[in-house]
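Reading through the structure tokens given below for one structure.
Only the coordinates and a few stated rules stand behind these numbers; no lab work does. Everything numeric in this text was worked out from a predicted model, so none of it was measured. Don't worry about glycine lacking a Cβ; one is built from the backbone with ideal geometry, like all the others, and counts go over all protein chains shown.
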Amino acid sequence: MHRDAAHRPTPRGPPADATRPTGHRHAAHRPSPRGPPADARRPGRRPPIPYHVAQPTGPCRTIPVLPPAAVDALTYAAMSMRRRSTQLPRLRAATLGSIATLALAAAVAGCGGGNANPSSSSSSQSASSLENESGFDGAALPGTLLAPDFTLRDQSGRSVSLREFRGRVVVLTFLYSTCGDTCTLFAQQIRGALEELEEEHAPRPAVLIVSADPTADTPAHVARFLAAASLTGRAEYLTGSLRQLRPIWRAYHVHAASAGRATFDEYASVLLIDERGRERVLFQSEDLTLEGIRHDIAKLQAGG
């Protein structure tokens, strides 16, 4: 037994119970990973500065932070501008004005006299002012643009001009009697707002529906449309020739029926004009409610 064991070949490699060297000696002989150490700096290049530790220079001591309501407003404005690029002539001034106001208030919150306390009264007042919106449910317009005047004929053949409604709030929209659900919804929302105003004994605004498809808007179709929406006697449905209507469509950035049903449905809107003839509030299709229309009409009638 002992003789065989003495001549038994030893297994390759270290014995099973052998221990690996430990401590500093092993660490000193451990091969280093390829490439420079993680904290090494390349010559001639600055290490990147993490965005969360970057600090503004100059008198500012804190980074201006917009309140959530302001961020939501800016996000919505940006999305609206992308989705409705053809309405920029009307919305551009209001949107850019809001962005400038928000940016200025943010700068004041961050740099207000060297105040380093973000919860100070000046910061709180700036955040509060950002959250105070126009008070309108629809998209508030600058209030400096006069609504372009026009003259067309209503469902009775009477000549009607926009300027004759000075002194009254005007609800202006562009529809056509055969467009289907979108025009029906718009008419019903306007009718609902009028009914609520009547219950409150408020002055009745002028409602002008301008044709977006004069070919489809025959007298019979118009009469049927107004009756179905309970707007007979409450709204003026104005039509004319293509030669008369096209300049009006361009002036109000309207996509007529000829642009296609989907395009018309997407860009349909309701415009509120104040008693001085200025464009004040725009309701796009996704924001249109009878409560919103009623509220904003009442606000304009009260001098808002």
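For Arg158 and Leu242 in one chain, what is 0.36 nm times their gap in residues minus the Cα-Cα distance, to one decimal in nm? Can you show the working numbers first?
Values: separation 84, 0.36 × 84 = 30.24 nm, distance 1.81 nm.
The Arg158-Leu242 span can extend by a further 28.4 nm.
Quick check: net charge around Thr218, other residues with Cβ under 15 Å of its Cβ, Lys/Arg +1 and Asp/Glu -1? Mind dumping the intermediate values first?
Numbers: positive: Arg153, Arg224; negative: Asp154, Asp213, Asp217.
Neighbour charge sum, excluding Thr218 itself: -1.
Given H placed on each backbone N at 1.01 Å, which residues far from Arg153 in sequence or on other chains put an amide H within less than 5 Å of it?
Val160, Thr239
How big is D for the range 237-304, in µm² s⁻¹ as a whole number, if Stokes-Einstein is applied with the Kirkwood radius of its Cα pairs at 10 °C and 1.306 mPa s?
116 µm²/s
Regarding the range 151-301, what is the average projected area of its C-alpha convex hull, in nm²?
Values: hull surface 31.7 nm².
Computing the convex hull of the Cα atoms and averaging its projections yields 7.9 nm².
Describe numerically, in nm with one decimal, the distance between label points set 7 Å from Cα along Cα→Cβ at Leu185 and at Asp149.
Result for the modelled spin labels: 3.6 nm.
Quick one: what are the phi-derived ³J(HN,Hα) couplings along the range 267-273, Karplus 6.51/-1.76/1.60 with θ = phi - 60°, whole Hz, x for glycine and proline?
9, 4, 7, 10, 10, 9, 10
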